[in-house]
Each structure stands twice: as structure tokens, then as C-alpha cells.
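Okay, so here's the structure we're looking at.
Throughout, read-outs are computed from the coordinates displayed, never taken from laboratory work. Being a predicted model, the structure only gives us computed values, none of them experimental.
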Amino acid sequence: MAKAERAASAVDSQMARLVGPVRTCVGCRERDAKPALLRVVVADGVLTADPAGRLPGRGASVHLDLACVDLADRRRAFPRALRVPGPLDVAPVREHVAQAVSSRTESVRPHREQVEKP
């Protein structure tokens, strides 16, 4: 089997099911479809949620899950992913995620740990 054929056959089955752009959550480091993640950017030195994905600048993606936001904060992943010096205040993003989770509808796919296993 040629190299190209082996590489094509070694596609991760989960990634093959995802349609469209794929991003990695900076908290749990899992890859997911872009619409399932929240984009965050640094605007005027403040970490800001960008649900529309339209704010300028480098963005990082995180699941709409407080556990992922807290994990990214503990790992200092936001400043590293956004390439900014020093720590960032995660409170605005945490508040946005908490509000989004409380008003969540069925349109957003639940994060892997939130799915109950039989």
C-alpha cells in the first residue's frame, strides 16, 4: 500500500464524521466542529467572548462548558493561544458561558462529558 493510501485510510473516525471547519478547545484539547465551540479574543486587553466570530484579532476556541473554561484558565491556555503576555481575567468569558449554559437549547451539541452513558 502506498504512503498516500495509508494516510488516507488512517483518518480518525470521529473527525471524519465532523462536517465543516474543526477547532481544538484550549481547555480540554479535544477537536470539535467550529459551531460547537465559543471563540474568544483579546479586545483592549480584556478577554472577550466572540459568539458571532466577527471580532478582529487572533482567536481561541473553548467549549461552552465551565469545566473547559476553568481548565484553560488553570493551564494558562488563553494567553498562550492568543499570544499575549501576562495573565488574563477569565471572568467575562466565564459569565458568558454560565449564561449560555443556563439558556442552552437543543441546537448546541453537548460536550462529551455531559452526555450520559448507559
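Grab the Cα-Cα distance for VAL46 and VAL19, subtract it from 0.36 nm times how many residues apart they are, and report the gain in nm with one decimal.
6.5 nm
Expressed in nm to one decimal, what extension gain is obtained for the pair VAL101 and ARG31 from 0.36 nm per residue of sequence separation less their Cα-Cα distance?
This chain segment gains 23.2 nm when fully extended.
Checking a compactness column here: for the range 12-105, what do you get for Rg(Cα) / (2.2 N^0.38 Å), N being the number of residues?
Here the Cα radius of gyration is 1.04 times the empirical estimate.
What is the set of long-range amide H partners of HIS63 at a cut-off below 5 Å, with H atoms built 1.01 Å from backbone N?
Long-range HN contacts for HIS63: VAL26, GLY27, CYS28, LEU38.
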